[in-house]
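Peer 1: Quick one: the structure is below, and I'll ask about it shortly.
The values are calculated or read from the model by the stated rules, or taken from the named source; none is laboratory data. The shown structure was predicted, so the numbers you read here are calculated from the model rather than taken from an experiment. Please note: Cβ atoms are built from the backbone with ideal geometry, for glycine as well, and neighbour counts cover all protein chains shown. Heavy atoms of the whole protein, side chains included, go into the accessibility calculation; ligands, DNA and RNA do not. Shrake-Rupley method; radii C 1.70, N 1.55, O 1.52, S 1.80 Å.
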Amino acid sequence: MSRNQPLLDIHNITKLYSVGGWLSRNKIAAVADVSLSMLAEEPEILTLAGESGSGKTTLARMVLRLVEPTLGRILYKGRDITSIRTRKEQIEFMQDIQPIFQNPFEAFNPLKKLESYLFETAKNYDSRENGSIEDRIESALNLVGLSMREIRGRYPHELSGGQLQRVSVARALIASPSLLVADEPVSMIDASLRMSIVNLFKDLKDRHNVSIIYITHDLATAYYISDRIAIMQRGHIVEIGPVKKVLAEPFHPYTRLLRESILEPNSETAWDEEITLSTIETKEFARQGCKFANRCDSRLPICEETEPPLSFVDGREVKCWLYGVQGKHDTAS
Amino acid sequence: MRGFLRVVADLYRSDPRCRFAFTAISIVIMFALMSFVSPQDPGSSYYAPPNQPPSVAHPFGTNSRGQDMFWFLTFAVRNSLVFGVITAILSRIIAISIGLIAGYKGGIIDRIMMVINDSFVVLPVLPLLILINFIIREQMSILQLAMVIAAFGWAWDARLIRSQVLSLKEREFTYTSVFSGTKTSSILISEHLPFVMPIVLSTTINNLLWAIGMEVTLAVLGLSNIGIPTIGTTIYWANQHQALISGVWWWIAAPVAISVLLFVALYLLVVGLGAYLDPRTRLQRMKGVLSDERA
Amino acid sequence: MSVLRIQNLQAYYQSTLYGVTRNVKAVDGVSLDLRANEIYGIAGESSCGKTSLIKVVFGAIKPPLTIIGGRVLYQINDRDFDITQTNDETLRQMRWKQVSYILQGSMSLLNPVRRVRKTFWDFTKAHEPVIEPEKFEATTREHLNRLGLPAEVLDSYPHQLSGGMKQRVAIALATIFQPKVILADEPTTALDVVVQRGVLQLLRRIQQETKNTLVIVTHDMGIHANIADRVGIMYAGRIVEEGTVKHIFSEPRHPYTKHLIQSLPKIGDKSKRQSIPGAPPNLADPPAGCRFHPRCPYAKPICSVQTPELSPIQDERRVACFLLTKENAHVS
Ligand SMILES: Nc1ncnc2c1ncn2[C@@H]1O[C@H](COP(=O)(O)OP(=O)(O)OP(=O)(O)O)[C@@H](O)[C@H]1O
Ligand SMILES: Nc1ncnc2c1ncn2[C@@H]1O[C@H](COP(=O)(O)OP(=O)(O)OP(=O)(O)O)[C@@H](O)[C@H]1O
Ligand code: SF4
Ligand SMILES: [Mg+2]
Ligand SMILES: [Mg+2]
């Protein structure tokens with residue numbers, strides 16, 4: 001791998017799904033023409049946030065090779081991941097990219113002991129450092145603040161959600177991956193335990209050079225740990241940039257709405273103005289132009305007709321005519 | 001083995017259905033095992049006075065060929081049971097492999113397997129079996145008959161298993177195993193099989209019942225190897241000798257009574273075991289025992 | 001004026017499986033007093049018994065859930081009744097007309113193969129058998145209009161609606177008879193923040209229009225901060241602290257509440273936050289004494305032996321902790 005080759009390089013990927021019955025068959029683009037890259041030199045935490053159904057999970061699953069893109073390419077360390085065929089290539093790929101799932105209670109078979117997953121992983125992936133299988137398991141568990149003593153002989157239901165999620169992370173770390181793909185890893189975890197997982201991610205990035213794609217609805221934790229954030233809406237990335245910039249001063253109207261809708265945990269910030277929500281989802285998917293136009297307060301005539309390009313503004317990219325070539329003089333500050 | 005005995009003990013203690021089933025099945029099996037100490041060979045005849053009603057000397061009476069029904073039936077029940085078990089095992093092997101593989105692999109493999117599967121589901125089983133047995137009945141041993149019947153007894157169950165695996169493979173723990181580098185075959189066996197075990201078990205017993213019933217049907221029609229004593233051929237011979245008309249009702253009543261006992265017991269066992277093996281109750285049990293131990 | 005009084009309620013899940021008996025003490029000594037025209041938030045982590053509590057309050061008590069003790073008293077339209085004692089007929093009359101229950105998956109109230117109008121019609125007809133179609137149409141439209149929902153949803157099938165709209169239509173359905181008490185259990189979990197905002201606005205609007213009692217149950221502290229008037233914090237089957245929303249967030253008193261609120265991250269603040277060590281107990285086998293004592297940094301010897309009562313310490317504030325009740329006992 002050369003020095004300046006990206007770790008992950010997503011080129012214009014699209015995933016179409018057919019929805020509806022036999023009579024009203026429609027195609028929706030769950031992910032529409034998304035490009036994204038993560039650099040190899042410096043580990044980072046990239047948050048994917050946005051609407052429900054905007055394609056975050058679909059995007060993550062394409063990166064993990066669980067779903068095949070309809071169009072576009074995903075390069076991992078320069079290699080097209082759709083060209084992976086043999087078990088050996090598959091193992092090499094999985095050694096580098098590991099998933100963390102949403103529901104820690106679902107991530108392990110309830111009828112199996114937890115350690116069996118740890119041994120299985122250690123057995124199937126070659127160690128990058130030396131050491132026995134036991135040592136590798138123990139050091140992965142230590143990284144997440146657990147030890148084999150607490151895990152041995154235990155079944156999933158004997159641990160709390162937070163502990164289980166840490167076991168999940170430890171299992172993934174045994175393969176010593178360069179990238180973790182975590183789809184809502186804390187949404188099922190109790191508030192009193194949530195920060196332990198979030199802090200763990202931060203620690204993995206800061207001290208162990210693991211990059212993380214962090215999918216979440218919880219923008220407060222996103223702000224707390226991530227470097228960059230990508231906001232998705234109806235299959236598109238509508239704004240992407242450093243988290244401090246995007247959340248402190250959102251540009252895209254959807255990001256602004258999202259930012260305003262976050263409920264801060266103190267009783268002084270209650271919002272008042274009412275918002276319009278989409279009524280019929282498939283109609284929005286089928287829209288021409290900007291998919292947010294019908295709900296957007298600052299829409300321009302062009303928004304209804306032509307899809308806006310992704311433009312660079314103030315250290316971030318925004319997919320909105322207000323900041324595109326045509327609307328630039330209007331509102332952009 | 002200790003685990004198995006504990007399960008049996010658990011079930012025996014807590015579930016009256018299972019208690020009855022275990023008792024009845026043990027009686028039937030003991031009865032079949034007594035064939036090994038039978039003073040009479042099932043092939044010999046006229047060693048006893050014919051057409052005797054049940055008495056102390058001949059608890060199930062004797063038939064028109066001078067055979068003691070008690071000892072004769074020990075052989076018949078043994079053969080029927082062996083036949084049923086072999087059929088059930090053979091058809092389970094097919095059903096489990098096809099169900100697991102088709103469900104997990106999906107795509108073209110699944111489609112091809114399901115076309116074959118569905119052909120077997122819609123085939124009219126009885127007429128076909130009659131045809132096959134009509135052609136080759138003379139030479140058929142119990143094993144061969146079991147193979148023929150097993151070939152028709154797996155398709156529906158394979159579909160059931162497949163549909164469960166279809167949902168299991170989308171569960172997150174399957175992905176955890178995939179990303180642990182686990183081979184597909186071990187995922188199927190160690191992750192998915194325990195979840196399909198309840199249907200596997202209940203369909204095994206159903207299949208056993210079906211196979212024994214099928215054997216009776218074919219035998220009564222005279223379409224199996226009537227030289228081998230089974231529950232079916234016993235009834236066939238009783239009919240041939242017009243047992244009911246001549247008042248030798250025990251010739252038919254004895255095999256029918258034993259099969260009814262066996263069928264009811266196996267049915268209750270399906271129900272009881274199904275509840276016990278259900279992963280949800282299994283999990284609750286695991287949790288329950290735990291808090292109990294700690295308390 | 002109080003509308004609903006819960007007194008020392010205990011409800012356990014009792015089950016016997018293959019000779020092993022299990023008692024999950026999901027609700028264990030809860031006392032609450034809910035007033036007319038207020039939004040009461042119940043906060044707590046998963047499995048602490050929130051849903052079980054709401055189920056009992058709604059009278060949906062089916063085995064293995066069993067009432068062990070206590071009372072749930074409603075005072076509606078000058079009629080009093082104890083839900084743990086009433087018969088099915090009273091329950092049937094009361095549900096949806098006086099008390100509504102909205103849950104996370106309440107979209108399932110909508111019949112997937114029928115247009116929304118038909119579901120509304122069936123629902124109305126089941127409770128008001130003599131309604132005329134014109135009157136139904138008028139009241140339904142008025143109701144939707146009042147809640148700010150477009151009337152065109154009536155002509156749609158549920159699957160055509162977006163997730164958030166479906167949930168809001170289901171809420172509109174559940175509140176069509178303007179009940180005096182609305183119980184909402186995690187009404188916005190699994191929705192994104194924008195849709196969540198829409199749903200919460202709807203609930204708040206219903207409450208303001210009808211001046212009724214809205215009980216909102218969620219683990220999301222942000223929701224409580226923004227919509228509740230008073231908040232009760234539940235931990236392992238018990239209420240450990242109760243107070244006005246302002247007090248709970250600005251000066252939490254119970255050690256659990258304190259830690260919980262301190263651990264919440266905020267946008268614009270990257271400073272390090274820590275979780276509370278340990279994990280909530282298993283309710284099949286909860287610790288003796290204060291159920292928080294194994295995780296509590298201030299635990300005293302008494303905490304592991306005796307159970308602290310939920311006692312008033314200032315106006316509108318009740319706390320179940322020996323640190324406060326003892327000290328309070330000294331003062332008075
Ligand atoms: N297998 C599938 N078949 C058809 N449509 C699908 C499938 N999977 C996802 N979709 C659709 O694709 C869109 C994107 O879904 P996705 O799960 O990626 O969203 P998401 O951003 O992860 O949402 P959430 O925040 O709710 O998890 C949704 O409209 C969804 O209904
Ligand atoms: N049907 C049941 N049988 C046995 N135990 C149950 C049952 N339903 C819930 N429980 C147990 O009761 C306890 C309280 O559950 P409950 O659903 O009330 O919690 P909750 O606070 O609503 O949690 P969540 O935030 O996850 O919805 C839990 O320990 C749970 O495991
Ligand atoms: S009662 Fe004791 S253990 Fe419980 S919260 Fe108060 S100080 Fe901590
Ligand atoms: Mg998702
Ligand atoms: Mg709940």
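Peer 1: Treat each spin label as a single point 7 Å out from the Cα along the C-beta direction, and report the C:T86 to C:R71 distance in nm.
Peer 2: Modelled inter-label distance: 1.5 nm.
Peer 1: Ok, one more. What size of dipole, in debye to the nearest 20, comes out for the protein assembly as shown about its Cα centre when the only charges are +1 on Lys and Arg C-beta atoms and -1 on Asp and Glu C-beta atoms?
Peer 2: 960
Peer 1: Show C:H143, C:H219 ordered by accessible area, largest first, where the area counts protein heavy atoms only and the probe is 1.4 Å. Display every interim value, and only then the final one.
Peer 2: Details: C:H143 10, C:H219 55 Å².
Most to least solvent-accessible, the answer reads C:H219, C:H143.
Peer 1: Ok, one more. May I ask for the angle, rounded to the nearest 10°, between helix B:2-14 and the longest principal axis of chain B, with both axes built from Cα atoms and the value confined to 0 to 90°?
Peer 2: That works out to roughly 70 degrees.
Peer 1: Please check: in the Gaussian network model of chain B (C-alpha springs, under 10 Å), which one of B:I101, B:I245, B:I136 has the largest mean-square fluctuation.
Peer 2: Maximum among the listed residues: B:I245.
Peer 1: Quick check: the angle from helix C:163-174's long axis to the longest principal axis of chain C, C-alpha only, nearest 10 degrees?
Peer 2: The angle comes out at about 80 degrees.
Peer 1: Considering amide H positions built from the backbone, and no H for Pro or chain starts, which residues 5 or more places from C:G29, or on another chain, come under 5 Å of its amide H?
Peer 2: C:L9, C:Q10, C:A11
Peer 1: In debye, nearest 20, what is the charge dipole magnitude of segment C:1-66 about its Cα centre with +1 on Lys and Arg Cβ and -1 on Asp and Glu Cβ, if you could check?
Peer 2: About 200 debye.
Peer 1: Hey, another quick one. Over the whole of C:221-231, what's the average partner chain Cβ count within 10 Å per residue? Rounded to a whole number, please.
Peer 2: Averaged over the peptide's residues, the number is 4.
Peer 1: Roughly how much accessible area, to the nearest 100 Å², goes out of reach of solvent when A and C pair up, both sides summed, probe 1.4 Å?
Peer 2: Buried surface at the A/C interface: approximately 4300 Å².
Peer 1: I've got another one for you. Go through C:S100, B:S55, C:S2 and say which Cα lies farthest out towards the positive end of the charge dipole of the protein assembly as shown; charges sit on Cβ, +1 for Lys and Arg, -1 for Asp and Glu.
Peer 2: B:S55
Peer 1: Just to be sure I understand the model, the point goes 7 Å from the Cα along the line to the Cβ. What's the resulting B:D278 to A:E44 distance in nm?
Peer 2: Here the modelled spin labels are 5.1 nm apart.
Peer 1: Right, here's the next one. With a 1.4 Å probe and all protein chains left in place, how much accessible area per residue does the protein assembly as shown have, in Å²?
Peer 2: Here the residues of the protein assembly as shown average 43 Å² of exposed surface.
Peer 1: How much accessible area is lost when chains B and C come together, counting both sides, with a 1.4 Å probe, in Å² rounded to the nearest 100?
Peer 2: That pair of chains buries around 1000 Å² in total.
Peer 1: With the full set of protein chains in place, find how many percent of the accessible area of the protein assembly as shown is carbon and sulfur; take the probe as 1.4 Å.
Peer 2: Result for the protein assembly as shown: 56 percent of the exposed heavy-atom area is carbon or sulfur.
Peer 1: A further question follows. Considering protein heavy atoms only and a 1.4 Å probe radius, which residues within segment A:90-109 exhibit an accessible-area decrease of no less than 20 Å² in the full assembly relative to the chain by itself?
Peer 2: At a threshold of 20 Å² (probe 1.4 Å), the residues of segment A:90-109 that become less exposed are A:M94, A:P99, A:F101, A:E106, A:A107, A:N109.
Peer 1: Additional query: Quick check on my link table: of C:K180/C:K246; C:K211/C:K272; A:K77/A:K291; A:K15/C:K166; A:K112/C:K270; A:K202/C:K258, which ones sit more than 31 Å apart, alpha carbon to alpha carbon?
Peer 2: From the list (C:K180/C:K246; C:K211/C:K272; A:K77/A:K291; A:K15/C:K166; A:K112/C:K270; A:K202/C:K258), the Cα-Cα distance tops 31 Å for C:K211/C:K272; A:K77/A:K291; A:K112/C:K270.
Peer 1: Moving to a separate point now. With unit charges on the beta carbon (Lys/Arg positive, Asp/Glu negative), name the residue among B:V77, A:G161, C:Q207 whose Cα is farthest towards the positive pole of the charge dipole of the protein assembly as shown.
Peer 2: B:V77
Peer 1: Would you mind getting me the FRET efficiency between C:E128 and A:K27? Use the beta-carbon distance for r and R0 = 60 Å, nearest 0.05.
Peer 2: Computed FRET efficiency for C:E128 and A:K27: 0.85.
Peer 1: Using a Gaussian network model on chain B with a 10 Å cutoff between Cα atoms, which of B:E215, B:E170, B:E191 fluctuates the most?
Peer 2: B:E170
Peer 1: Let me ask something additional. Taking a spot 7 Å from the Cα of C:E209 along the direction of its beta carbon, which residues of segment C:153-174 have an amide N less than 15 Å from it?
Peer 2: Within reach of a label on C:E209: C:153-154, C:168-174.
Peer 1: Also, quick follow-up: For the charge dipole of segment B:2-294, defined by +1 on Lys and Arg C-beta atoms and -1 on Asp and Glu C-beta atoms about the Cα centroid, which residue among B:A21, B:T184, B:L143 has the Cα displaced farthest towards the positive pole?
Peer 2: My answer, from the dipole projection, is B:T184.
Peer 1: Give me D for segment B:201-283 in µm² s⁻¹, whole number, from Stokes-Einstein with Rh from the Kirkwood sum over alpha-carbon pairs, 4 °C and 1.567 mPa s. If you can, show how the numbers build up before the last one.
Peer 2: On the way: Rh = 14.3 Å.
Using the Kirkwood radius from Cα pairs, D works out to 90 µm²/s.
Peer 1: Using the Karplus curve 6.51 cos²θ - 1.76 cosθ + 1.60 with θ = phi - 60°, what ³J(HN,Hα) values do you get for each residue of segment A:141-148, in whole Hz, with x for Gly and Pro?
Peer 2: 5, 4, 4, 9, x, 10, 9, 4
Peer 1: I need the trypsin sites (Lys or Arg not before Pro) found in segment A:67-123, filtered to DSSP loop residues with at most 15 other beta carbons within 10 Å of theirs.
Peer 2: Of the trypsin sites (Lys or Arg not before Pro), the ones in loops of segment A:67-123 whose Cβ has at most 15 other Cβ atoms within 10 Å are A:R85.
Peer 1: Search the structure for amide H atoms under 5 Å from the amide H of A:I100, placed 1.01 Å from N in the peptide plane, and list their residues when 5 or more places away or on another chain.
Peer 2: Residues meeting the criterion, in which the H sits 1.01 Å from N, are A:V181, A:A182, A:D183.
Peer 1: Between B:W249 and A:E68, how many nm apart are label points set 7 Å from Cα along the C-beta direction?
Peer 2: Output for this residue pair reads 6.9 nm.
Peer 1: Expressed as an acute angle from 0 to 90° and rounded to the nearest 10, what is the orientation of the C-alpha long axis of helix B:69-105 relative to the principal long axis of chain B?
Peer 2: Orientation of helix B:69-105: about 20 degrees from the principal axis.
Peer 1: Also: What number comes out for the charge environment of B:I187, summing +1 per Lys or Arg and -1 per Asp or Glu over other residues with Cβ under 12 Å away?
Peer 2: Combined, the nearby Lys, Arg, Asp and Glu give +3.
Peer 1: Rounded to the nearest 0.05, what FRET efficiency is calculated for A:S127 and A:F93 with R0 set to 22 Å and r the Cβ-Cβ distance?
Peer 2: 0.80
Peer 1: Please report the antiparallel percentage of the DSSP beta bridges confined to chain A, to the nearest 5.
Peer 2: 60
Peer 1: Students sometimes get this wrong: rank C:H293, B:H192 by accessible area, probe 1.4 Å, all chains present, largest first.
Peer 2: C:H293, B:H192
Peer 1: While we're here: Starting from the exponent 0.38 and prefactor 2.2 Å, build the expected Rg for the protein assembly as shown from its residue count and divide its actual Cα Rg by it.
Peer 2: Working: Rg = 33.8 Å, N = 960, 2.2 N^0.38 = 29.9 Å.
In units of the 2.2 N^0.38 Å rule of thumb, it is 1.13.
Peer 1: Starting from the residue with the highest accessible area, list C:V113, A:V181 in decreasing order, probe 1.4 Å.
Peer 2: Final ranking, largest accessible area leading: C:V113, A:V181.
Peer 1: Separate question: What pairs in C:K97/C:K118; C:K55/C:K266; A:K56/B:K169 have C-alpha atoms more than 24 Å from each other?
Peer 2: Correct reply: C:K55/C:K266.
Peer 1: Here's something else I'd like to know. Given a Förster radius of 51 Å and the C-beta distance between C:S2 and A:A248 as r, what FRET efficiency does 1/(1 + (r/R0)^6) yield to the nearest 0.05?
Peer 2: So the FRET efficiency works out to roughly 0.70.
Peer 1: Here's something else I'd like to know. Whole-Hz ³J(HN,Hα) for each residue in segment C:41-54, computed from phi via Karplus 6.51 cos²θ - 1.76 cosθ + 1.60 with θ = phi - 60°, x for glycine and proline: what do you get?
Peer 2: Once θ is set to phi - 60°, the couplings for segment C:41-54 become x, 10, 10, x, 7, 4, 6, 8, x, 4, 5, 4, 4, 5 Hz.
Peer 1: Assigning unit charges at the beta carbon (Lys, Arg +1; Asp, Glu -1) and nothing else, what dipole magnitude in debye, to the nearest 20, does chain B show about its Cα centre?
Peer 2: 660
Peer 1: Using a Gaussian network model of chain A with C-alpha springs under 10 Å, which one of A:H236, A:H157, A:H252 is most mobile by mean-square fluctuation?
Peer 2: Sorting by GNM fluctuation, first place goes to A:H157.
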